[in-house]
Amino acid sequence: MTRAAVLGAGSWGTAFALVLADAGATVGLWARRRALAETMTTLRENPDYLPGIRLPAAVSPTAEVEAALAGTHYVFLAVPAQELRSHLTRWAPLVPADAVLVSLAKGVELHSGKRMSEVIGEAAGIGPERVAVVTGPNLAREVAERQPAASVVASVDADVVRRLQRACHSPAFRPYTNTDVVGCELAGAAKNVIALAVGVAVGLGFGDNTRASLITRGLAEVTRLGVALGADPHTFAGLAGLGDVVATCSSPLSRNRQLGTALGEGRTVAEARAGSRQVAEGVRTCAAILELAGRHRVDMPVAQHVTQVVRGELSPSELIASLVSRSAKPERHGW
Ligand SMILES: NC(=O)C1=CN([C@@H]2O[C@H](COP(=O)(O)OP(=O)(O)OC[C@H]3O[C@@H](n4cnc5c(N)ncnc54)[C@H](OP(=O)(O)O)[C@@H]3O)[C@@H](O)[C@H]2O)C=CC1
Ligand SMILES: O=C(CO)COP(=O)(O)O
């Protein structure tokens, strides 16, 4: 029987533990707050992130990372992107020698510009054949409710990715394989930035033309970055790219879209975040993506404008006006 550890009991870590349990695995679900682990154990529910969703018997919540990692075949990492390196550096000595480490996070590390699979390889001291990612149009609440969804599991190792695909293929969750790890990760990270931009447009009261234009041009610029970094451009038209951008940018459940909407309505980032435990990864990833784009001389106007709005250097209405008034170009500009 497959044994899995999910480290991080926010919305996605908890929802993914359910996917794995539905696919037949036993799952250790680590929460960093002991009180939450104890509540989940007694209530059989994660009231902070997925109220009303029952945890199956195969999911064992714990605050002891050793207990979650003991004898595990897969370690699914569901902590926020900027916190992954420091946590995994501490956890690495406890990870079984043959376990595959899987990123569930969508982000790019600030300053280093590293993707999550790169951070995992460095922090755990392992090669890319033991690292994988899961990414796609997977809003946690819908997945936890067992609404049908597809996703992508990616690794450079085709065998690893096929085994991982089996381990998380449940009646409601259908993973596809991909070996383009660079493209899958960049797409997943950048869609949060695009969702912030779309949220701003929603907050300003703009309609579907504005949203579709931001989605399409946002996808074009991340495809450009991906190609510069060696990704397959087709990845960006698949579940990790188009699929996730559409889900995130159209859903009121998206925390990135919600935060962008609050900015568009005139609140600051701090005001928009107040009172929520949830992460909107785009807020920190936008600057990381922009740094990466600068290093590779890739023009990313949507990410650039979003970063300026997040920093308070540009107003939401200036973001839209400035994007529209840029110099005219052919549509196929690079990618
Ligand atoms: N939610 C979703 O629909 C999806 C999310 N993802 C990605 O999954 C990753 C995890 O997000 P998600 O599960 O949604 O998280 P949530 O926003 O639901 O919850 C925040 C999580 O981060 C934890 N956390 C906050 N600060 C720290 C810290 N300094 N160190 C360690 N953990 C911390 C919280 O722990 P605590 O409760 O103790 O504060 C909690 O587990 C993100 O990269 C996100 O983009 C990917 C696909 C879908
Ligand atoms: O990644 C997600 C859906 O695929 C969740 O998006 P948010 O983090 O914006 O809620």
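Values quoted throughout were computed directly from the atomic coordinates according to the rules given, and no laboratory measurement underlies them. Just so it is clear, the structure is predicted and the values come from calculations on it, not from any experiment. All Cβ positions, even for glycine, are placed from backbone atoms using ideal geometry, and neighbour counts span all protein chains on display.
How fast does segment 3-179 diffuse by Stokes-Einstein, in µm²/s, taking the Kirkwood radius from C-alpha pairs at 37 °C and 0.692 mPa s?
The diffusion coefficient I find is 207 µm²/s.
How high is the relative contact order of segment 151-307, in percent, with contacts defined as C-alpha pairs under 8 Å that are six or more residues apart?
28
Label points 7 Å out from Cα along the Cβ direction at Leu253 and Thr26: separation in nm?
Simple spin-label model gives 3.0 nm for this pair.
How would His296, His305, His111 line up from fewest to most surrounding beta-carbon atoms within 10 angstrom?
Neighbour counts put them in this order, fewest first: His111, His296, His305.
Contact order normalised by length for segment 1-90, with contacts defined as Cα pairs under 8 Å and 6 or more residues apart; what percent is it?
About 38 percent, as a whole number.
What nm distance separates the two modelled labels at Arg146 and His234, each placed 7 Å from Cα along Cα→Cβ?
Spacing of the two 7 Å Cα→Cβ label points: 3.4 nm.
Using amide H atoms built in the peptide plane, which far-off residues or other-chain residues are under 5 Å from Phe76 H to H?
Ala5, Val6, Leu7, Val102
Could you state the angle between the C-alpha long axis of helix 282-295 and the longest principal axis of the C-alpha atoms of the chain, as a value from 0 to 90 degrees rounded to the nearest 10?
Once rounded, the angle reads 70 degrees.
Please name whichever of Thr62, Thr42, Ala15 sits farthest to the positive end of the charge dipole of segment 1-62, dipole taken about the Cα centre and charges placed at Cβ: Lys and Arg +1, Asp and Glu -1.
Thr62
Starting from the Cα-Cα distance between Ser317 and Glu291, subtract it from 0.36 nm times their residue separation and give me the gain in nm to one decimal.
Stretched fully, the Ser317-Glu291 segment lengthens by 7.0 nm.
In segment 196-220, which residues have a backbone nitrogen under 12 Å from the label point lying 7 Å from Arg326's Cα in the Cα-to-Cβ direction?
Under 12 Å, as judged by backbone N against the label point of Arg326, lie 214-220 of segment 196-220.
Using 0.36 nm per residue of separation minus the Cα-Cα distance, give me the extension gain between Ala57 and Asp159 in nm, one decimal.
Extra length available between Ala57 and Asp159 comes to 33.8 nm.
Please compute the length gained on full extension between Asp299 and Arg267, using 0.36 nm multiplied by the number of residues separating them and subtracting their Cα-Cα distance.
Once the chain is fully extended between Asp299 and Arg267, it gains 8.7 nm.
Would you work out the relative contact order for the chain, in percent, from Cα pairs under 8 angstrom that are 6 or more residues apart?
Relative contact order for the chain comes out at 15 percent.
Set the Förster radius R0 to 30 Å, insert the Cβ-Cβ distance between Glu45 and Asp98 as r into 1/(1 + (r/R0)^6), and round the FRET efficiency to 0.05.
The pair Glu45/Asp98 has a calculated efficiency of 0.35.
Please list, in chain and number order, the residues 5+ apart from Arg32 or on another chain whose amide H is under 5 Å from its amide H, with Hs placed from the backbone.
Ala9
Nearest 5 is fine: what % of DSSP beta bridges in the chain come out antiparallel, could you say?
20
Calculate the FRET efficiency for Met1 and Val246 from the Cβ-Cβ distance with a Förster distance of 41 Å, rounded to the nearest 0.05.
Taking R0 as 41 Å, the efficiency between Met1 and Val246 is 0.70.
Return the calculated 222 nm mean residue ellipticity for the chain, to the nearest 500 deg cm²/dmol, obtained by summing -39500 (n - 2.57) across DSSP H runs with n ≥ 4 and dividing by the residue count.
-14000 deg cm²/dmol
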